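**Student:** Please see the structure below; I have some questions.
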Amino acid sequence: MTLVPTWPRRLIWLGVVLCLTSAVQADGTCEPAYFTAGDYQKRQLSVSTASSSATLKTSSAIESAPATSTSSLVVISPLINGESANQGQVVCRYTTNTADKVLNYYTCTALADRYGISVDVFFQLNPIVKTDCSNLRRNTDYCVRGFIEPLRAWDRKCGPKNGNATCLGTQFQCCNADTFTCGNSLEDCADGTCYEGACAGETIFTTNGDCGRNHGYKRCAGRWGDCCNSVGRCGTGPDFCSYGECQLGNCSIPELVPMPETMFSMRPFTDTTSAMDLGSSTTSTPLSTTTAVRGTTTTTKPPTTSISGYDSLPSCGKTCFNNMLGQYSALGCAAGDAYCLCNHPDFSNGLRDCSNGACGTSVGSTVISVGSAYCSTAFATHTTTATGFAALASCGQTCFDNMVAQYSALGCSQPNAACLCKNQDFGNGIRDCSNGACGTDAARPVISYGSSYCASATAGH
């Protein structure tokens, strides 16, 4: 029998396999992909261009898809490399994508809230976005962390004399306020000398000795001393740090102690009193004749007003609180008289402004709350204290009598203390009249007497 060689047999089987393979059809599980021109764009290198609506610069605008494309266009907004950024450019450090976002008027606000920035900052970081968010695009990156590249003092010239160039980010990071050059020494970076840079800076610590409420609540430090006096100058010693003189800093605050029991006699207001007009410098004209009862002999003991929550305040808050307590003289009060202090709007206003300026608004709100609690306690526990009408200067007695005589203008049918004291113009009038007619020093006991008069009337009404 003749045998067929092995290799021809293999060729025959190979031909059969090829025929069978050519007859098989694809089942559609791996279909080929077809791409339309413009479906995808490569990321472009950022090109700095001037913004048409602001002095800020940003990278090149997002490219638009061809009008004939109906596919979803994926566009990635370019990021500017901080190392090569020029002044005014956006240096973006983090982005978010709008792939899963519903785009409408509120989307910009939602993105800003999500990443803890303001809407204004969002627009600064994304200057191509319109203020009504109408040109936001899907599947697009937008910057939510970054900053505007400042003018950096690469030549070491900084501060307001040099275009407000900053030392931050350069080799020498502290701007010396004396020379307005960048440096790295302890002196350059010291509070009171460092204008800006790697330090608290001039917005917190004065660099010219001006401080306090009239100068943005700037603090004193370093060569300027550690106390800000009542006229807003830094220094050390009693003229700057003493109680009643110091408004900010390392103020000397004496321990508050309870005032002793006081016996006083209020002038019997049963006589006929002629109210004198202090408005004229040449004549005194009687306004009206009234009869009223001022008060009777009283024994009182003013309570000590504690400061709930004071111990938990940060040092800046305690300093502000102590400073306002130290302003008792300027507010027309005796030392430690919480009731008198809290009746003066400048006490709470000063505490608010100081704490917001020195501690920031988040901490300042806590200090303000402690101040409110302090005053609530003072009002709730107040009992009458007075110097006595007879001990007042004649100008003070006249001021008090004049305000009582104005009962009709104050909305009262008769000179009734409870009615008079309901109108804040009564107390304000006593304060303004006595300060003007007697001077601030002699006016303090008049104001204190007026406060006690109203406290007694309110308590007994």
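**Student:** In the range 203-234, how many residues are farther than 20 Å from E187 by Cβ, more than 22 Å from the chain's Cα centre (by Cα), surrounded by fewer than 21 Cβ atoms within 10 Å (Cβ to Cβ) and of a type outside the set (S, T, Y)?
**Tutor:** Looking only at that region, the number is 2.
**Student:** What are the pairs, 6+ residues apart or on separate chains, where a residue within the range 373-387 that is more than 14 Å from V446 (Cα to Cα) has its Cβ under 6 Å from a residue that is loosely packed, with under 15 Cβ neighbours inside 10 Å and modelled with pLDDT of 60 or more?
**Tutor:** Matching pairs, first to second residue: A373/S308.
**Student:** I want to confirm something. Restricting to the range 395-421 and keeping residues that are among the small types (G, A, S) and under 14 Å from S451 (Cα atoms), which single residue is surrounded by the fewest Cβ atoms within 10 Å (Cβ to Cβ)?
**Tutor:** First, pick out the residues of the range 395-421 that are among the small types (G, A, S): 396, 405, 408-409, 411, 413, 417-418.
Subset that is under 14 Å from S451 (Cα atoms): 396, 417-418.
On the way: G396: 25, A417: 23, A418: 14.
Filtering the range 395-421 for residues that are among the small types (G, A, S) and under 14 Å from S451 (Cα atoms), the one surrounded by the fewest Cβ atoms within 10 Å (Cβ to Cβ) comes out as A418.
**Student:** Might you check whether a residue that is of a type outside the set (G, A, S), outside the structural domain of Q87 (by TED's automatic domain parsing), surrounded by 14 or more Cβ atoms within 10 Å (Cβ to Cβ) and without any contact (Cβ under 8 Å) to a residue 24 or more places away in the chain occurs anywhere in the range 167-174?
**Tutor:** So the first thing to find is which residues in the range 167-174 are of a type outside the set (G, A, S), and the list is 167-168, 170-174.
Then keep just the ones that are outside the structural domain of Q87 (by TED's automatic domain parsing); that gives 167-168, 170-174.
From what's left, surrounded by 14 or more Cβ atoms within 10 Å (Cβ to Cβ): 167-168, 170, 172-174.
Among the residues that remain, those that are also without any contact (Cβ under 8 Å) to a residue 24 or more places away in the chain are: 170, 172.
Yes.
**Student:** Shifting gears a bit: Looking only at the range 327-355, which residues are among the small types (G, A, S), at pLDDT 80 or above and either part of a loop (DSSP other than H, G, I, E, B) or buried (at least 23 other Cβ atoms within 10 Å of the Cβ) (or both)?
**Tutor:** Selection gives A338, S355.
**Student:** Just to be sure I understand, how many residues within the range 357-370 are free of Cβ contacts under 8 Å to residues at least 12 places away in the same chain and either in a helix (DSSP H, G or I) or among the aliphatic types (A, V, I, L, M) (or both)?
**Tutor:** Selection size over the range 357-370: 3.
**Student:** All but one of (1) at pLDDT 85 or above; (2) part of a helix (DSSP H, G or I) hold for I447, so report the exception by its number.
**Tutor:** (1)
**Student:** Name the strands (runs of 3 or more DSSP E) wholly inside the range 119-219 in which the number of residues that are touching a Leu at 6+ places or on another chain (Cβ under 8 Å), more than 30 Å from V231 (Cα to Cα) and not β-branched (V, I, T) is 1 or more.
**Tutor:** Output list reads 141-148.
**Student:** OK, next. Within the range 153-166, count every residue that is touching a Ser or Thr at 6+ places or on another chain (Cβ under 7 Å) and either closer than 20 Å to T206 by Cβ or in the same structural domain as Y115 (by TED's automatic domain parsing) (or both).
**Tutor:** Of the residues in that region, 1 qualify.
**Student:** Taking the range 180-192 as the region of interest, how many residues are of a type outside the set (A, V, I, L, M, F, W, C), surrounded by fewer than 20 Cβ atoms within 10 Å (Cβ to Cβ) and modelled with pLDDT under 95?
**Tutor:** The qualifying residues number 4.
**Student:** In addition: Looking at the range 379-396, can you tell me whether even one residue there is within 30 Å of S312 (Cβ to Cβ), touching a helix residue (DSSP H, G or I) at 6+ places or on another chain (Cβ under 7 Å) and part of a helix (DSSP H, G or I)?
**Tutor:** The answer is yes; a qualifying residue exists.
The values are calculated or read from the model by the stated rules, or taken from the named source; none is laboratory data. Note that the coordinates shown come from a computational prediction; the quantities given were computed from them, not determined experimentally. Cβ: placed from backbone, ideal geometry, glycine included. Neighbour counts: every protein chain shown.
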